[in-house]
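Asks: The structure under discussion is supplied below as structure tokens; questions concerning it will follow.
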Amino acid sequence: MDAQKSKTAGSTHQPDHLYKGRRASLPLNIVVIGCGLGGLAAAYCLAQAGHNITILEAAPAIGEVGAGVQASPNVSRLLMRWGLGPRLEELGVKIQAMSLKRWSNDEVIGWTPLGDVVEKEYGAPFYLLHRADFHRLLYEATEPYCNIRVNSRVVSVDPSKPSVTLASGEVVSADLIIGADGVKSVTREYVVGGPDKPRATGDAAYRALIPAEKLLEDDELRPVDGENGIEYMDGPRRSHRRLYYCKPDRSANMRAKKEFNLVMMHPDDAEEGVESWTAEGNVDKMREFYKGWSTTIRKLLALVPSTLDWNWPCWADSCHPMLPYRAQGSAMAIEDAAVLGNIFSHCSDRSQIPSLLYAYQSIRYDRATATQRSSSLNRHIFHKPDGPEQEERDRDMRAATEDALRVARGEQSTLVLAGNANQWADKTKSDIQYGYDADEEAEKWWLANGNKLMTSVPSVELKPRVAHSANRDH
């Protein structure tokens, strides 16, 4: 069957401010494979560009697992532009600072102010929120404009028609297929021309949520509650941990914080590094692994009744696998979606599809690749074993912290921070990462290349009418 038309035409809400009010003069029938964060964002943006969208989701019901996720300014500015600012404010917690601490004694070696500083600098806030809340926010925004089908597992793709075949045997045809089906992507094999299985990174993470009131009951944990920040702690055996609030509570006594997100990185000892987002972790094994860490960490782990053990062959993208050490996986998915919608708002003929896909790839490839590299760099920085290299890293971070504190007191910066071991302290890197506006980049690219593109065939050979949005989940 053909992909059913979306609900766009009958909707009363059409954000005409997106893409400068531009909508495709030829609406395409587009299939999006996957209803995670990336799939929903791509569907929303393409629907706002005027296209008819069907999302095919393998699961029997729409839902999301996980714990905390970050929405940095490069994400929040897009979500606010989509009209989701009030919901983001309702569901998220604004982070005030980034702290980097030693694993053994909680010594702060790196500190970078965020909060109002970041919002003033980049014009958008830095939020932390629960992954399920983020998914629900995007689902609520997207569902009125799309036909979302569950129990619709795609088992094969025919790029030449184009069409997909479901596990039921049903064939769904469309003008364009968007693959947002995760690291085990079916679509990717058709894009690259053959099997492309994820490679094990050797990394995994215990993930858990701790009720905030539990921290307030312990005098030693109470300061952790007061920080309202992200804290990274490097450790031995290629391990570190991340703590932050991800779910607000609007009651006054909880100061708008309800759940505390705990992520404990560790080497992946799963057989063949099999990717999993739902595997139950062994709490006793987790506590044993971190038994030599600080009192704070051991007390936090004592509050964890159960945990998930997430394994990363590569971080959860179908298109550009992203390690979690820069917390930009979901950001790349949202940016991808914005560019895809912006570019396809120019569509006036089906023959333009390969050229428009070429434009999308041209805009996004370098950006996603640079972010991958930045994330991989943090993996190397965080996991230095105790010794000369770790001591040199710590000195570099401490110098940046002292400089940040001077600036916070109203004094002038006296340190060149480019290349600092604390990537969040590197102003140039923050400008690149957080100052990025996906819509502006798409508009600039089109102004420089659009007319030429639409009158010529791109030299890059593309698989016809099959594209990748970014992530399924993160």
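Bear in mind that the values in this text are calculations on the coordinates, not laboratory data. These figures come from a predicted structure and were not determined experimentally. Cβ sites come from the backbone with ideal geometry, for glycine too, and all protein chains shown count toward neighbours.
Asks: Which value in nm describes the separation of the simple spin-label points at Ser168 and Asp431, placed 7 Å from the Cα toward the beta carbon?
Replies: Output for this residue pair reads 5.3 nm.
Asks: Between Arg395 and Glu140, what is the FRET efficiency for a Förster distance of 41 Å, r being their Cβ-Cβ separation, to the nearest 0.05?
Replies: 0.30
Asks: Mind giving me the nanometre distance, one decimal, between the label points for Thr455 and Val283, set 7 Å out from Cα along Cα→Cβ?
Replies: With each label placed 7 Å out from Cα toward Cβ, I get 6.8 nm.
Asks: Strictly over 25 Å apart at the Cα level, which of Lys184/Lys429; Lys184/Lys427; Lys258/Lys291; Lys291/Lys384; Lys214/Lys427 would you flag in this model?
Replies: Listed pairs above 25 Å: Lys184/Lys429; Lys184/Lys427; Lys258/Lys291; Lys214/Lys427.
Asks: Moving on to the next point. For segment 69-143 and segment 341-365, compute the distance between their C-alpha centroids and round to whole Å.
Replies: If you average the Cα positions of each part, the centres end up 30 Å apart.
Asks: Where a ≥ b ≥ c are the square roots of the eigenvalues of the C-alpha gyration tensor, would you call segment 40-82 rounded, which needs a/c under 1.5, or, failing that, prolate if a/b is larger than b/c, or oblate?
Replies: oblate
Asks: If the chain between Lys161 and Ala370 were fully stretched, how many nm would it gain, using 0.36 nm times the residue separation less the Cα-Cα distance?
Replies: 71.9 nm
Asks: Per residue of segment 204-218, what does 6.51 cos²θ - 1.76 cosθ + 1.60 with θ = phi - 60° give for ³J(HN,Hα)? Whole Hz please, x for Gly and Pro, Karplus curve as stated.
Replies: 8, 8, 7, 10, 7, 10, 10, x, 4, 5, 5, 5, 6, 7, 10
Asks: Ok, one more. Mind listing the phi-derived Karplus ³J(HN,Hα) values for segment 75-86, rounded to whole Hz, using 6.51, -1.76 and 1.60 with θ = phi - 60°, and x for any glycine or proline?
Replies: Once θ is set to phi - 60°, the couplings for segment 75-86 become 8, 4, 5, 6, 4, 5, 5, 7, x, 9, x, x Hz.
Asks: Here's another thing I want to ask about it. Quick query: amide H of Cys146 versus all other amide H atoms, modeled in the peptide plane; which residues come in under 5 Å with a sequence gap of 5 or more or a different chain?
Replies: Lys7
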